[in-house]
Amino acid sequence: VEVSPDNPIALSNYGLCLIELGRFEDARKAFTRALELEPRPSVYTNLGHSLMMEGRLAEAIEPFRKALESNSSSHLYHANYGSALLWSNTDRAKALEHYRRAAELAETDRAQDPRNARLLANVSGYY
């Protein structure tokens with residue numbers, strides 16, 4: 001980041017490191033700057049996770065929604081959005097819809113890769 005302060009990938013990776021250090025405010029700043037430079041669903045997801053880890057559950061909804069908007073065929077993005085809705089006590093019914101959609105998409109992926117342990121773990125969490 002010092003060498004290339006306007007590199008969105010470097011900023012996002014830096015934000016992930018800051019999360020590991022518990023420096024959530026600094027992580028949010030890095031993710032926000034990365035999104036200003038190049039909006040990417042993965043960075044919206046990182047921002048949402050950072051907010052959730054801080055207990056700012058309702059605030060995490062919007063970044064997860066933006067990630068989902070950019071790729072509605074991702075089971076992970078449906079699950080993240082559903083989790084934010086559920087854990088923030090915002091809209092349980094809508095959260096469950098997104099978990100169901102995440103399960104459908106993940107099951108489709110799993111049919112093509114049945115030995116993928118990470119995918120199986122994700123699917124089990126959606127039910």
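The values are calculated or read from the model by the stated rules, or taken from the named source; none is laboratory data. Everything numeric in this text was worked out from a predicted model, so none of it was measured. Cβ atoms come from the backbone with ideal geometry, glycine included; neighbour counts cover every protein chain shown. Heads up: the accessible areas ignore ligands, DNA and RNA and are worked out on the full protein's heavy atoms, side chains in. Shrake-Rupley method; radii C 1.70, N 1.55, O 1.52, S 1.80 Å.
One table, with the values for the structure above:
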quantity: C-alpha long axis of helix 8-20 to longest principal axis of the chain, angle in °; calculated: 80 degrees
quantity: Carbon plus sulfur fraction of accessible area for the chain, probe 1.4 Å, in percent; calculated: 51 percent
quantity: With Cα atoms, 0 to 90° folded angle of helix 92-112 axis to the chain main axis; calculated: 80 degrees
quantity: Of the trypsin sites (Lys or Arg not before Pro) in segment 1-81, those whose Cβ has at most 16 other Cβ within 10 Å and which sit in DSSP loop; calculated: Arg23, Arg56
quantity: Relative contact order (percent, whole number), segment 1-48, Cα cutoff 8 Å, 6+ residue spacing; calculated: 36 percent
quantity: The chain: calculated mean residue ellipticity at 222 nm from DSSP helix runs of at least 4, using -39500 (n - 2.57); calculated: -25000 deg cm²/dmol
quantity: Kirkwood Rh in Å, taken over segment 20-67 so that all alpha-carbon pairs contribute; calculated: 10.4 Å
quantity: For the chain, alpha-carbon Rg relative to the globular expectation (2.2 N^0.38 Å, N residues); calculated: 1.10
quantity: Cα long-axis angle, helix 24-37 against the chain (0 to 90 degrees, to the nearest 10); calculated: 90 degrees
quantity: Segment 1-105, relative contact order [Cα under 8 Å, separation at least 6], %; calculated: 18 percent
quantity: Simple label model, 7 Å out from Cα along Cβ direction - Leu16 to Val1, nm; calculated: 1.4 nm
quantity: At most 14 other Cβ within 10 Å, DSSP loop - GluC sites (Glu not before Pro), segment 20-127; calculated: none
